[in-house]
Amino acid sequence: MRVRVIFALLLLTCFPCIAPAYSRAHSWKPEALPGSARLPLVKIQKLVLPSVASELLIAAATDLQAVWLERVGKPLEIVRLQVAPLQIEPHCAIILRRTELQPFAEWRGHQVAGSFTLARQHSSIYLDAHTDAGLLNAVYALCTDVLGVRWYWPSDIGREFVGEVPRLFPEQRWLESPAFVQRQLYPMESDYARRNRLVGGYSFNHALSKIFTPEIFAREPELFAEVYGNRRVPTGSGKHDPQPDFTELRAVELAAKTALQYFRENPESQSFSLSINDNCLFDDSERTAAALGTLSYFRERPNYTDLVFSFMNQVAEQMEELHKIQFMENKAETSVWLTPKGATRYLTALAYYWTEQSPSMRLHPNVMPVLTSDRAQWHDPGYRSEDRALIERWSQSGASRIATWDYYFGAPLPYPRQFNRWIAESLEHLADNQVTVFFSQLPSAWGLDGAKAWFASQLLWNPWQDDATLLDEYYTHFFGAAAGSMRAFYEGAERHRDKHAGNWQWIKYYKDEAGIALFTGGVLTKLRALIERAKVDVSDDARRFARVQIVSDALTFTELQAAYQSAREDLLEMSFAGTVTGDEISAFIQARAAFESYGEMLVNDPLHAQFKYFTRILQSDPVPIAIAVLAGAGQLIEFSGAADYAAQIDAARKWAAEPQSFKSLLLNADLRYLSPASQSRSFLPPDLPRIANWWMDFRPSEYLHFSPASYSGTAPSGLRASGADVFSIFTNVALEGGRDYLLDCHLAYKVSPDNRVQLSLRWMDAEGKLLRYDYPLQLTVGQSLGLQRIQIPFRSPLGAQEARLHFRVSRQFEGDYLELKKIDFGLLEPKLN
């Protein structure tokens with residue numbers, strides 16, 4: 001039995017009256033009525049459903065029926081209730097009823113979705129709830145708390161039975177209400193989600209592109225942001241379209257009318273998303289500068305919270321005004337914030353990136369902020385303290401309901417990203433501070449994530465229960481005799497991550513080829529030994545051995561990525577030192593092939609399928625860099641897989657044999673500056689360097705700084721960048737298809753873990769269509785010894801007319817920098833013999 005808060009209640013004949021609400025309680029279980037007869041489970045013969053039941057409720061009933069037969073040993077017939085409940089006297093049955101339950105009318109100021117009561121009356125058991133969602137929760141309470149079934153992982157391999165089934169039905173009367181009315185882990189297998197009482201409900205994804213559409217732009221372009229002095233025509237993309245102009249009153253009116261129209265067309269919907277598009281392309285006109293006032297930063301990013309949430313408040317107020325006008329015309333006394341069935345409606349808005357800080361003004365009660373945070377980063381004490389305080393401030397913002405969007409990943413990271421300690425601590429703190437709507441991305445790699453999804457689902461129902469007891473249960477029953485070894489595996493990975501992950505960063509190492517360096521060969525060796533010991537522990541327990549094997553297979557994926565990245569780092573290190581041989585190239589190619597072939601096979605298993613979020617990442621290929629080093633040193637270019645690089649080898653040999661064959665195609669390889677050397681891009685600092693024939697883009701951040709790399713007299717040249725959130729520099733060059741080219745870079749750098757410095761080339765035809773994408777370099781963690789020269793041979797694809805050379809830098813930490821001294825690109829055109 002899970003730990004529950006229990007209160008003695010005054011019992012009526014059928015249902016308990018409820019004592020005053022206690023903010024931490026989520027259930028009450030009083031004692032049985034004195035002298036009442038006990039009910040043996042084997043006497044129960046029927047499961048009675050309402051005459052109309054949802055597919056989800058029917059699926060839950062079918063689960064209960066199957067588990068009942070397996071655990072009680074007696075069949076349970078499912079029947080439909082054809083008449084009103086008060087007109088029949090069912091016996092020896094479990095009866096599901098939809099009722100108006102007064103105890104659930106208010107819960108900390110809200111109607112609580114998913115609540116239920118469960119009580120025995122004579123020879124029957126009544127499960128009462130206001131909705132099918134509540135009845136479903138009651139059914140699974142029977143499954144878990146009476147029959148002891150657990151669905152730790154999806155599919156049959158994840159099901160387990162805990163404890164003995166009681167002979168007599170427990171005599172408590174239950175009133176249960178979830179702490180979080182939305183409990184969503186995404187994506188999640190549907191049967192698993194239902195069985196663990198995970199549920200969605202509110203909509204709050206990036207949405208403004210659906211309101212401020214290309215059609216609106218054609219009529220009213222002034223509603224849209226000016227970005228760098230221009231209004232970009234939207235395409236309908238929530239990722240790439242700029243935000244609207246939040247200072248424009250017509251934008252407020254349009255959003256309000258769109259929300260009202262949505263609620264008219266979807267009267268039972270409880271939310272309409274006004275969440276910002278997934279970018280930082282805000283209006284940078286004088287109007288927005290004036291609205292922001294004195295610029296401030298939060299988490300090293302500009303603070304736009306008041307700008308965006310003032311807009312949300314205005315939309316809510318405008319909706320009320322428009323609704324009053326409609327009420328006067330139609331004489332229909334309704335509230336804009338209530339559905340026909342009496343549920344409360346909200347405008348939802350992500351408190352995301354530039355809007356994470358709490359607002360300085362009060363929020364409209366029907367604006368639901370959605371806090372966004374990677375609480376795996378609570379390993380950093382400073383971030384944890386700051387984030388706890390941030391949650392507390394949002395709880396005092398005036399919003400009557402608050403949501404959170406967490407990042408429990410999961411498969412985009414190729415190692416066991418364990419942080420159960422911070423899941424437990426953060427969920428309790430969120431619930432203590434009026435956060436009642438939960439969403440997290442969790443594409444689960446079940447072998448590496450282990451208890452994470454089940455553990456979180458239990459705490460989302462009741463975050464005040466003993467998390468240590470939950471984990472004890474999981475390891476003991478799921479892994480049996482291997483519990484000790486498997487607990488050491490997962491908790492060892494968690495301790496290692498906590499100790500070595502370093503300073504916080506949003507979803508640190510997310511989709512980063514180099515992130516595996518967090519789990520060095522030494523710790524992986526220890527984790528592998530624990531898995532092998534676990535296999536021995538359960539060698540005579542086929543079911544649990546299969547579970548351990550799933551973890552083992554997942555860890556093999558981790559090990560292969562570690563070997564792949566280690567080979568890449570060795571290849572780059574020796575190339576930069578000028579000591580590379582064909583052996584290092586062969587080792588890299590073999591490590592890559594092993595990782596890719598294993599990953600392709602592994603993702604076909606449903607329990608490993610989410611590894612696709614990592615296998616689809618394009619990882620850098622530094623082999624051409626090594627080829628250029630070998631060619632320049634006059635060494636043999638022989639390695640396993642050389643045939644796949646025949647064009648690069650041929651180009652490198654031409655260049656080595658005749659260095660003067662290089663004909664630069666760039667007008668400004670030395671990165672010389674125009675006059676003046678910089679200019680303001682917007683009111684957000686820093687100024688943008690003006691380097692002739694090169695273009696730059698950056699995301700403003702508190703410590704972003706640009707300076708020349710050197711001076712010739714007073715003339716600046718080169719570029720040094722530090723403190724970047726995201727920054728890029730690029731140029732386009734005209735060329736021909738099927739020709740040989742060389743990229744020649746002179747740079748210096750310091751790169752911390754999770755700082756990414758990447759070089760890519762996009763080859764395009766005359767219409768700008770992408771023909772090929774080359775990604776030869778992501779700098780490895782460390783610091784260059786002075787200026788590093790990197791040369792890379794290419795053969796352009798047939799039909800190519802243009803190439804874009806692109807350096808991209810993201811997530812620079814204190815002390816990190818990139819210094820570009822010279823970037824040249826030219827045609828290799830040997831003289832004819």
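Close contacts from the range 191-220, counting a first residue that is more than 30 Å from Ile58 (Cβ to Cβ) and a second that is among the basic types (Lys, Arg) and modelled with pLDDT of 95 or more, with Cβ to Cβ under 7 Å and a gap of 6+ residues or different chains, come to Glu220/Arg250.
Give me the residue from the range 770-820 that is in a loop (DSSP other than H, G, I, E, B) and polar (S, T, N, Q) and, out of that set, surrounded by the fewest Cβ atoms within 10 Å (Cβ to Cβ). If you could, list the steps in order and put the result at the bottom.
Start the filter on the range 770-820 by keeping residues that are in a loop (DSSP other than H, G, I, E, B), which leaves 779-781, 784-787, 796-801, 811-816.
Next cut, polar (S, T, N, Q) only: 780, 784, 796, 801, 812.
Values: Thr780: 20, Ser784: 15, Ser796: 24, Gln801: 17, Gln812: 27.
Step by step, filter the range 770-820, then rank; the result is Ser784.
Condition first: among the β-branched types (Val, Ile, Thr) and under 25 Å from Ala37 (Cα atoms). Now tell me which residues in the range 133-171 satisfy that. Can you show your working first?
First pass over the range 133-171, keeping only residues among the β-branched types (Val, Ile, Thr): 139, 144, 146, 149, 157, 162, 165.
Correct list: Val139, Thr144, Val146, Val165.
Can you find a residue that is of a type in the set (A, V, I, L, M) and open to solvent by less than 10 Å² (accessible area, probe 1.4 Å) anywhere in the range 323-330? So far as the range 323-330 goes, no, none of its residues is of a type in the set (A, V, I, L, M) and open to solvent by less than 10 Å² (accessible area, probe 1.4 Å).
A Cβ distance below 7 Å, combined with a sequence gap of six or more or placement on separate chains, defines the contacts here; from the range 44-72, residues that are over 19 Å from Pro170 (Cβ atoms) and open to solvent by 40 Å² or more (accessible area, probe 1.4 Å) reach residues that are in a strand (DSSP E or B) and among the basic types (Lys, Arg) in the pairs Ser51/Arg80.
Please go through the range 231-248 and give me each residue that is closer than 18 Å to Thr348 by Cβ and either touching a residue at least 60 places away in the same chain (Cβ under 8 Å) or surrounded by 20 or more Cβ atoms within 10 Å (Cβ to Cβ) (or both), ordered by number.
First, pick out the residues of the range 231-248 that are closer than 18 Å to Thr348 by Cβ: 238, 243-244, 246.
If the condition is that a residue be closer than 18 Å to Thr348 by Cβ and either touching a residue at least 60 places away in the same chain (Cβ under 8 Å) or surrounded by 20 or more Cβ atoms within 10 Å (Cβ to Cβ) (or both), then Gln243, Pro244, Phe246 are the ones that fit.
Count of the range 196-216 residues, restricted to those that are part of a helix (DSSP H, G or I) and open to solvent by less than 30 Å² (accessible area, probe 1.4 Å), is 4.
Listed by first and then second residue, the pairs with beta-carbon distance under 8 Å, at least 6 apart or on different chains, first residue in the range 787-807 and farther than 17 Å from Leu827 by Cβ and charged (D, E, K, R), second modelled with pLDDT of 95 or more and open to solvent by less than 50 Å² (accessible area, probe 1.4 Å), are Arg789/Asp744; Arg789/Cys745; Arg789/His746.
Which residues, taken from the range 740-782, are within 11 Å of Ala803 (Cα to Cα) and among the acidic types (Asp, Glu)? Result: Asp765, Asp774.
Give the range 387-399 a look and list any residue that's touching a residue at least 40 places away in the same chain (Cβ under 8 Å), surrounded by 15 or more Cβ atoms within 10 Å (Cβ to Cβ) and of a type in the set (D, E, K, R), or say none.
Correct list: Arg388 only.
Candidates in the range 283-303 are the residues that are closer than 16 Å to Arg231 by Cα and polar (S, T, N, Q); of these, the one that is surrounded by the most Cβ atoms within 10 Å (Cβ to Cβ) is Thr288.
Could you pull out the residue among Ala399, Ala403 that is at pLDDT 95 or above, touching a Pro at 6+ places or on another chain (Cβ under 9 Å) and part of a loop (DSSP other than H, G, I, E, B)?
On the way: Ala403 fails: part of a loop (DSSP other than H, G, I, E, B).
Checking each option against the conditions leaves just Ala399.
Right, Arg681: basic (Lys, Arg) and at pLDDT 95 or above or not? So Arg681 does not fit the description; no. Within the option set Leu518, Leu524, Leu530, being of a type outside the set (Asp, Glu), within 27 Å of Ala591 (Cβ to Cβ) and touching an Asp or Glu at 6+ places or on another chain (Cβ under 7 Å) holds for one residue only, Leu524.
Residue selection: Leu371 satisfies the criterion of being within 18 Å of the chain's Cα centre (by Cα), open to solvent by less than 20 Å² (accessible area, probe 1.4 Å), under 30 Å from Met188 (Cβ atoms) and not hydroxyl-bearing (Ser, Thr, Tyr).
When the range 249-282 is limited to residues that are open to solvent by 60 Å² or more (accessible area, probe 1.4 Å) and among the charged types (D, E, K, R), the one that is farthest from Val181 (Cα to Cα) turns out to be Arg250.
Has the range 658-666 got at least one residue that is open to solvent by 10 Å² or more (accessible area, probe 1.4 Å), in contact with a helix residue (DSSP H, G or I) (Cβ under 8 Å, 6 or more places away or on another chain) and modelled with pLDDT of 95 or more? Can you show your working first?
Here is the first cut: in the range 658-666, the ones open to solvent by 10 Å² or more (accessible area, probe 1.4 Å) are 658-660, 662-666.
Going one step further and asking which of them are in contact with a helix residue (DSSP H, G or I) (Cβ under 8 Å, 6 or more places away or on another chain), we end up with 662.
From what's left, modelled with pLDDT of 95 or more: 662.
Yes; the residues of the range 658-666 include at least one that is open to solvent by 10 Å² or more (accessible area, probe 1.4 Å), in contact with a helix residue (DSSP H, G or I) (Cβ under 8 Å, 6 or more places away or on another chain) and modelled with pLDDT of 95 or more.
Which numbered condition trips up Tyr262, out of (1) hydroxyl-bearing (Ser, Thr, Tyr); (2) touching a residue at least 40 places away in the same chain (Cβ under 8 Å); (3) more than 22 Å from Ser285 (Cα to Cα)? Condition not satisfied by Tyr262: (2).
Filtering the range 821-833 to residues that are open to solvent by 10 Å² or more (accessible area, probe 1.4 Å) and closer than 19 Å to Leu787 by Cβ leaves Lys821, Lys822, Asp824.
Please go through the range 602-648 and give me each residue that is open to solvent by less than 20 Å² (accessible area, probe 1.4 Å), touching a residue at least 40 places away in the same chain (Cβ under 8 Å) and within 24 Å of Gly826 (Cα to Cα), ordered by number. Selection gives Ser620, Pro622, Val623, Pro624, Ile625, Ala626, Ile627, Ala628, Leu630, Ala631, Ile637.
The values are calculated or read from the model by the stated rules, or taken from the named source; none is laboratory data. A quick note: this is a predicted structure, and the numbers were derived from the prediction, not measured. In this analysis, Cβ positions are derived from the backbone assuming ideal geometry, glycine residues included, and neighbour counts consider all displayed protein chains. Just the protein is used for accessible areas: all its heavy atoms, side chains included, with ligands, DNA and RNA removed. Shrake-Rupley method; radii C 1.70, N 1.55, O 1.52, S 1.80 Å.
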